[in-house]
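Written below as structure tokens is the structure these notes are about.
The values are calculated or read from the model by the stated rules, or taken from the named source; none is laboratory data. Everything quoted here is computed from the prediction, not taken from an experiment. Because the Cβ atoms are built from the backbone with ideal geometry, glycine has one as well, and the counts that use them run over all protein chains shown. Ligands, DNA and RNA are stripped out before the accessible areas are found, and what is left, the full protein with its side chains, is counted by its heavy atoms. Shrake-Rupley method; radii C 1.70, N 1.55, O 1.52, S 1.80 Å.
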Amino acid sequence: MALQKQTLQIGIPLFVTTLSTLLLEIGLTRIFSVVLFYHYAFLVISIALLGLAMGSIAARFIPEDMDSQDRRRLLSIVSLAAGITIIPVLYYILNTNIWLVNSLAMFFQISKLYLVCLIPFALAGFVLATVMSLGGDKIPTLYFFDLLGGAAGCLLFIPLIEWLGGPSAIIAVALLWTLASMSWAFSADSKGMQTLAAIGCAAILVLLCMNVYKPFIDVRFMRGMPVKEEAFAEWNSFSRINVFLDKAKNQNWIEIDGGAGTLVAETELTGQYLLDRQSTFGTVGREVAMKLHATPHTVVIGTGGGPDLQRAVVAGSRKIEAVEINPIIANRVMRGKYYESSFHIYGCRPDTPAASCRRPEVELHVEDGRTFIHRSPEQFDVIQLSQVDTWASTASGAYGLTENYLYTVDAVKSYIDRLNDNGMVSISRWEFARPKETLRLVAVGIQALLDRGIAEPEKYMVVLMDGKQDNPGAR
């Protein structure tokens, strides 16, 4: 019984420690993907590994004859230090402006950020290595608590960031570190450290509540640019969605991780405006497939702020399937804050009376586009994909030679399988003048048609360009 109590005195604080460490690593990956360019998102893995190694090396300098109680008291001190240092580290990350330029100054800027972020991981490494030396005769049990804490951290991250948002989730991690400190203090039976840990816990809890109520520790720079005046901002496990007013164009824009953007369609499609749109409809590439069908059944994959949904309405679509993978865009933006100003372009909410429903023909599906195509039993006239990806990768040409889940041979075959006899798949990509994406998409389409038994695929494909050929942004 005494042995079990001793194991729990080490195991429970170890569980909280590894829980906090994994949450910090995953949380910083999400923060980096917003604040920095996508190239640096997984820099956190390198930071974590180096920091843990540095802390483990430092743990070797603990005197071997140090009393077990003193070691636990030391672990309480280090855990409290880790929790406190996370706050200035987070503040430094959010207020560091990094731009992708080849300069010595930017190299030192990134280096400083790297070194600052090492601090909490080095402290974590010190704790973990010391724990293993403290319970050397219980290694299998300690590894159980270690892995259990890591698994719990992975599971907790998604609800934590969706509930609190990115920066506040990191502050919550700091709070967990103070709880780890308190656990070690109780294990060491140190009244002094119990008091200090309780004070640190209370202070960080107050800070967390204040930041959730009115964020003041928040993103200040995204990808080398100051954050715009935002009308809306929210996080989930795979994106940060913000909406801002482009004053030059007087349009609201949805921005994803500070990179990809889509305007919020806020024009009512009625009266003379609708007639004018219909008279010029089909003059851009993204409208051609809809133009060639009378009252089509249309699928729009990646609806964003709704411009393609507007095109489908102008085309006279009898039914429109709106497929959007991001629940924040679908539910919080387009069916939330901008529901009325977008004139229900995402379809009608359940609480909207049928008599006042502006777009009953639009049906929303919050899921991945390929998943929707796979599970749908219906046949469609038009399947539309317009620049459906984030610029996080395409901006560097990363998808010029690698796969994107929506643009693989199997994906195109799935689209073909869901078309009726006269159906069309319309896919728009960037940069026709430097056609790495366009050429690759054509090759994928040819292979998909060949796999479906089409002997002359060139007769079933049309390549169109919007804009002048010498324009690098032509589509």
Answer residue from region 55-98, given it is exposed (fewer than 14 other Cβ atoms within 10 Å of the Cβ) and polar (S, T, N, Q) and is nearest to T18 (Cα to Cα) among those: Q69
Test: residue in region 268-278 that is under 26 Å from D368 (Cα atoms) and either within 21 Å of the chain's Cα centre (by Cα) or open to solvent by less than 20 Å² (accessible area, probe 1.4 Å) (or both): no
Unmet requirement for L175, which otherwise passes all of (1) touching a Cys at 6+ places or on another chain (Cβ under 9 Å); (2) free of Cβ contacts under 8 Å to residues at least 40 places away in the same chain: (2)
Among the residues listed as I241, I217, the single one being under 16 Å from V173 (Cβ atoms), open to solvent by less than 50 Å² (accessible area, probe 1.4 Å) and among the β-branched types (V, I, T): I217
Filter result for the condition that a residue is under 20 Å from the mean Cα position of the chain (by Cα) and open to solvent by less than 20 Å² (accessible area, probe 1.4 Å), over N331, N326: N326
Filter result for V101 (buried (at least 19 other Cβ atoms within 10 Å of the Cβ) and at negative phi): no
Matching residues, region 26-42, being open to solvent by 40 Å² or more (accessible area, probe 1.4 Å) and touching a residue at least 24 places away in the same chain (Cβ under 8 Å): I26, Y38, H39, Y40
Of residues in region 436-456 being small (G, A, S) and surrounded by 14 or more Cβ atoms within 10 Å (Cβ to Cβ), the one farthest from K413 (Cα to Cα): G445
Where a residue in region 302-331 is within 27 Å of F232 (Cα to Cα) and its partner, wherever it lies, is open to solvent by less than 20 Å² (accessible area, probe 1.4 Å) and among the charged types (D, E, K, R), with Cβ under 6 Å and at least six apart: T303/E324; R311/E287; A330/E324
Filter result for the condition that a residue is open to solvent by 10 Å² or more (accessible area, probe 1.4 Å) and at pLDDT 95 or above, over L134, L128, L164: L164
Single residue of region 116-125 satisfying the filter (under 26 Å from the mean Cα position of the chain (by Cα) and open to solvent by 20 Å² or more (accessible area, probe 1.4 Å)) that is farthest from D67 (Cα to Cα): V116
Checklist (1) surrounded by fewer than 24 Cβ atoms within 10 Å (Cβ to Cβ); (2) within 33 Å of the chain's Cα centre (by Cα); (3) part of a helix (DSSP H, G or I) applied to T195, failing item: (2)
